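The structure appears below as structure tokens.
The values are calculated or read from the model by the stated rules, or taken from the named source; none is laboratory data. Since we're looking at a predicted model, the values are computed, not measured. When we count neighbours, we look across all protein chains shown, and the Cβ atoms used for this are built from the backbone with ideal geometry, even at glycine. Heads up: the accessible areas ignore ligands, DNA and RNA and are worked out on the full protein's heavy atoms, side chains in. Shrake-Rupley method; radii C 1.70, N 1.55, O 1.52, S 1.80 Å.
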Amino acid sequence: MASYETRDYDVLVVGAGGAGLRAAIEASALGVKTGLVCKSLLGKAHTVMAEGGMAAAVASVDPEDTWRVHFRDTMKGGKMLNHWRMAQLHAMESPERVRELQEWGAIFDRTAVGGISQRAFGGHTYKRLCHVGDRTGLEMIRTLQDRGVHAGMDVHMECTITHLLKDGERIAGAFGYFRESGLFVLFRAKAVVLATGGVGKAFKVTSNSWEYTGDGHVLAYEAGADMVDMEFMQFHPTGMVWPPSVRGTLVTEGVRGDGGVLKNSKGERFMFSYIPEAFKNDVAASEEEASRWLAGDKQARRPPELLTRDVCARAIVSEVREGRGSPHGGVLLDIAYMDSEYVKRRLPSMHHQFMELAGMDITKEPMEVGPTAHYAMGGVRVDPETQAATVPGLFAAGEAAGGMHGANRLGGNSLSDLVVFGRRAGQGAAEYAKSLREKPRVNLAEAEACAKELLESFNRSEGENPFVVHEALQDMMEKNAGIVRNEKDLRAAIDALAGLRKRASGVKVSGTRQYNPGWNEAIDLKNLLTVSELLARAALERKESRGAHTREDYPDYDKAFAKVNVVIRRRDGAMQVAQEPLPEMPDELKKLLEGESA
């Protein structure tokens, strides 16, 4: 019988990025005993990689901006599949969360008159992204971490949660292990908040860090929660493509917001050829008009490089496929034509990143960029007000939750999503925990079974290396379920996943449980395979192209699919896929969207 330590909390928050920290701060402030688990070290969350800014209609640069315009932009960018109430709450509450961060010590860049500086990003009508150079996520985490640590919450670092435990239908706790020691841990908790981030490590080329293995998505699915919009995986248009060791590393949208232009190998500014009809009235018709917008002309429209990410990513793929790509399979992002001191001041991290990783100076030559798996719009289906999942006692926030961003997330909406819905998740979980008279019971036999399962890979006399299976998964997903899909490839992906799952069940690891990368990989593989199947089955179900989901066999919008979410839930051990109607939007919000196409 494997031994494990036991910890007791009212609320356990899994994940210490922006959403997890904000949830833990809120739950702790409401007087419930709160524990915070991070897979990595505190302060090393993937949120620190978010560069360009936090979208909020504080209107310090463009006074015309309001939450209503932000709501409309978000719904339009999400191709109207967003949960309207989440988009409304997000647009209404983001400015307050920005001011809260400022009160807690965040130091935003300032305008000449002392307001919070805001920059342009794709799909946003106005300059809306509050930023700290191009290190906004780092500043957010620093601020939230300071606030949380001083609030006195318990933090468990380098701890991976592998199972959720239930008492009947409701959550009773979680089981996991410490990566440093390999020791198991049982958390008893009345409520669990999942804030574990995304799924990017299922793909070969990704901007995501090593923690993004779909843990929260799979924990929720296996606990019986509904999953929504899993077909929508955002491929950010500008990841590094060279050198190979850093392929996929993010190049912030702030480069384009501050004047960067996309060119093909012929030197053509190709985005003017890819403006969708729905955006014709929002985007400059010529390079001359785009230049005037950049110079501050309020009558000019924004450049086509600031179209939404899905549009830019598909345009880059088209240019490469038609033979106009850069030497290493991308296109060129050029900001070298601008004043070098301006570039260094506005984009210090990008300048440093390319100097250190690629040995090039972005103030003197264009960057080579291409699409990279970046963000999962799909996730745990939640109640907008409380972030409660469909399993009692389970909550989700940030990238682990679905619904907010619809078919495509606008840049900058992620950081504001984290704090708006992280706060709501912490509040919802605390209030739920307070409502319980007794703590749910944990079945200790279930905990024993979890420990036994986690040790299986040590007990085999032979088997594959788990890293080899992971690499095969990434190659397969990139090929069959990547940025452009079709039915044949998606069915091939589902068949391949069955084979990979069989291989994963036979992997062998050796050594001890202390800091054992092979063992960690063997455990993460289970989640990567399951979340890949969720994505592939949802993508197969949606027979149209919309937002980040591009089907070459169904290249157009389908009016019927404009009215439904694809929902997956576990029934009798299998994935059950369904189309379910979108929540009905109230008339006053419908009026804000009049004239916008679905």
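Here are some notes:
- If the condition is being in contact (Cβ under 8 Å) with a residue 24 or more places away in the chain and in a helix (DSSP H, G or I), then segment 489-516 contributes Leu490, Arg491, Ala493, Ile494, Leu497, Leu500, Arg501, Arg503, Ala504.
- Candidate set from segment 437-459 (those that are assigned to a loop (DSSP other than H, G, I, E, B) and basic (Lys, Arg)); member that is surrounded by the most Cβ atoms within 10 Å (Cβ to Cβ): Lys439
- Flag for Asp229 being more than 23 Å from Leu81 (Cα to Cα), acidic (Asp, Glu) and surrounded by 24 or more Cβ atoms within 10 Å (Cβ to Cβ): no
- Any hit, segment 12-20, residues being touching a residue at least 24 places away in the same chain (Cβ under 8 Å) and more than 17 Å from the chain's Cα centre (by Cα): yes
- Taking segment 93-112 as the range and being of a type in the set (Val, Ile, Thr) and either surrounded by 15 or more Cβ atoms within 10 Å (Cβ to Cβ) or farther than 20 Å from Leu294 by Cα (or both) as the test, the residues that pass are Val98, Ile107.
- As for segment 173-184, it holds at least one residue that is in contact with a His (Cβ under 6 Å, 6 or more places away or on another chain) and within 15 Å of Asp215 (Cα to Cα).
- Residue match in segment 248-269 (condition: outside any loop (DSSP other than H, G, I, E, B) and hydroxyl-bearing (Ser, Thr, Tyr)): no
- Screening segment 149-222 for strands (runs of 3 or more DSSP E) wholly inside it with 1 or more residues that are open to solvent by less than 10 Å² (accessible area, probe 1.4 Å) and touching a helix residue (DSSP H, G or I) at 6+ places or on another chain (Cβ under 7 Å) returns the ranges 159-167, 170-178, 184-194.
- As for segment 34-46, it holds no residue that is over 30 Å from Ala451 (Cβ atoms) and in contact with a Gly (Cβ under 9 Å, 6 or more places away or on another chain).
- Glu544 satisfies every condition listed in (1) free of Cβ contacts under 8 Å to residues at least 40 places away in the same chain; (2) open to solvent by 50 Å² or more (accessible area, probe 1.4 Å); (3) not in a strand (DSSP E or B) except (2).
- Unique residue being out of contact with any Phe, Trp or Tyr (no Cβ under 9 Å at 6 or more places or on another chain), over 26 Å from Ala2 (Cβ atoms) and touching a residue at least 40 places away in the same chain (Cβ under 8 Å) when the list is Gly152, Gly123: Gly152
- When Asp297 is tested against (1) open to solvent by less than 70 Å² (accessible area, probe 1.4 Å); (2) touching a residue at least 12 places away in the same chain (Cβ under 8 Å), only condition (2) is not met.
- Test result for Gly482, open to solvent by 20 Å² or more (accessible area, probe 1.4 Å) and of a type in the set (Gly, Ala, Ser): no
- Test: residue in segment 391-406 that is over 17 Å from the mean Cα position of the chain (by Cα) and over 19 Å from Asp215 (Cβ atoms): yes
- Residue in segment 338-360 that is open to solvent by 10 Å² or more (accessible area, probe 1.4 Å), in contact (Cβ under 8 Å) with a residue 40 or more places away in the chain, in a strand (DSSP E or B) and not aliphatic (A, V, I, L, M) present: no
- Tally of residues being in contact with a strand residue (DSSP E or B) (Cβ under 8 Å, 6 or more places away or on another chain) and without any contact (Cβ under 8 Å) to a residue 12 or more places away in the chain across segment 281-294: 1
- Residues of segment 366-399 classified as farther than 11 Å from Leu194 by Cα, of a type in the set (D, E, K, R) and either modelled with pLDDT under 95 or surrounded by 19 or more Cβ atoms within 10 Å (Cβ to Cβ) (or both), total: 2
- Considering only residues in segment 252-280 that are free of Cβ contacts under 8 Å to residues at least 60 places away in the same chain and within 23 Å of Gly412 (Cα to Cα), the one that is most open to solvent (accessible area, probe 1.4 Å) turns out to be Lys280.
- Ser414 passes every criterion in (1) open to solvent by 20 Å² or more (accessible area, probe 1.4 Å); (2) within 30 Å of Lys266 (Cα to Cα); (3) not acidic (Asp, Glu) apart from (2).
Residues checked against (1) within 24 Å of Asp73 (Cβ to Cβ); (2) among the aliphatic types (A, V, I, L, M); (3) part of a loop (DSSP other than H, G, I, E, B):
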| residue | (1), (2), (3) |
| --- | --- |
| Arg99 | yes, no, no |
| Ala112 | no, yes, yes |
| Gly122 | yes, no, yes |
| Gly133 | yes, no, yes |
| Arg142 | no, no, no |
| Gln145 | no, no, no |
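- When we screen Ala449, Ala388 for residues that are closer than 30 Å to Tyr177 by Cβ, touching a Phe, Trp or Tyr at 6+ places or on another chain (Cβ under 7 Å) and without any contact (Cβ under 8 Å) to a residue 60 or more places away in the chain, the only hit is Ala388.
- Within segment 1-47, restricting attention to residues that are assigned to a loop (DSSP other than H, G, I, E, B), farther than 20 Å from Tyr177 by Cα and in contact with a strand residue (DSSP E or B) (Cβ under 7 Å, 6 or more places away or on another chain), the residue that is most open to solvent (accessible area, probe 1.4 Å) is Lys33.
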